[in-house]
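Report on one structure; see the data block that follows.
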Amino acid sequence: MATKLPRDYQDYRKTLPLRRRTAIMFMDSGGARGRVAARSQAGLMRGVREMDRAEHWEHVYGARQATQVSWYAPHLERSIAMIRTAADVSAEIIDVGGGASTLVDDLLALGCTKVSVLDVSTAALAVARERLGAQAGMVTWIAGDVTSMRLPTEAYDVWHDRAVFHFLTEPADRRAYVDLAAASVKPGGHAILAAFSLEGPSRCSGLDVVRYNAENLSRELAPAFALKQETPESHRTPSGAEQKLIYCLFERTSGAG
């Protein structure tokens, strides 16, 4: 019997280059080829998720100004407070999903000199770079998908993520994220994650999310990271809606990723 693919996957393959589309058609065939395809389907599906994710966020930042997206805030006071708890201005800091966020502006204003911003959307990164002007040259800008890319090993003192992790609804994507964080954060370094709390929205920007409390977020990051601090946060969107989040500060332990 032919390997049946999800409808959204079949629709999406029509937009792919011929070489990739041919590989996906191979998955649809039956017999021995179908059995081989079944074993590789998970890997191809993950690749499509990554491509979908990049295209989705490029569309978001192409359709709306950075100050109009629901997660926009002029300043991320809670993030700044946790970063200052975890490290000083000499720390290597990476803002995962930072995109057009103003966090990088405030970190530079505090005197931080080793800041990296990672985002899947090149459009979002372009907004921040244009806003910073000449100061943009002080920042390392990284375009990529955190579930599939590589970063330098044990390079960062602080890993900051406000509102990326809760978009990872597939367990394999969450594991890839945690493995990358564990590999790239220095021993004794810290990870700061802010995600929608159990009282937060179940969807954002047209996508499903996973909601967390400190306990289940800790389970996702264990044993590589140990919870040190948790704080609830209420975010007011530009449209005036309230979104509940949980901020958690973790320390990199000796546990495996």
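The values are calculated or read from the model by the stated rules, or taken from the named source; none is laboratory data. From a predicted model like this one, the values you see are computed outputs, not experimental measurements. Positions of Cβ are backbone-derived with ideal geometry, glycine not excepted, and every protein chain shown enters the neighbour counts.
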Self-check item: Among (1) within 22 Å of residue 83 (Cβ to Cβ); (2) exposed (fewer than 15 other Cβ atoms within 10 Å of the Cβ); (3) free of Cβ contacts under 8 Å to residues at least 40 places away in the same chain; (4) not polar (S, T, N, Q) - the single one residue 188 does not satisfy
Solution: (3)
Quiz item: Within the group 117, 127, which residue is out of contact with any Lys or Arg (no Cβ under 8 Å at 6 or more places or on another chain), modelled with pLDDT of 95 or more, within 22 Å of residue 60 (Cα to Cα) and β-branched (Val, Ile, Thr)?
Solution: 117
Quiz item: Can you list the helices (runs of 4 or more DSSP H) found entirely within segment 99-195 that contain at least 2 residues being over 16 Å from the mean Cα position of the chain (by Cα)?
Solution: 103-110, 122-132
Self-check item: Test for residue 229: is it under 22 Å from residue 75 (Cβ atoms) and either at pLDDT below 95 or part of a loop (DSSP other than H, G, I, E, B) (or both)
Solution: no
Practice problem: For residues that are assigned to a strand (DSSP E or B), in contact with a helix residue (DSSP H, G or I) (Cβ under 7 Å, 6 or more places away or on another chain) and either closer than 23 Å to residue 252 by Cβ or free of Cβ contacts under 8 Å to residues at least 40 places away in the same chain (or both), tally how many sit in segment 196-224. | Solution: 1
Quiz item: Can you name the residue in segment 52-86 that is out of contact with any Ser or Thr (no Cβ under 6 Å at 6 or more places or on another chain) and of a type in the set (D, E, K, R) and is also surrounded by the most Cβ atoms within 10 Å (Cβ to Cβ) among such residues?
Solution: 53
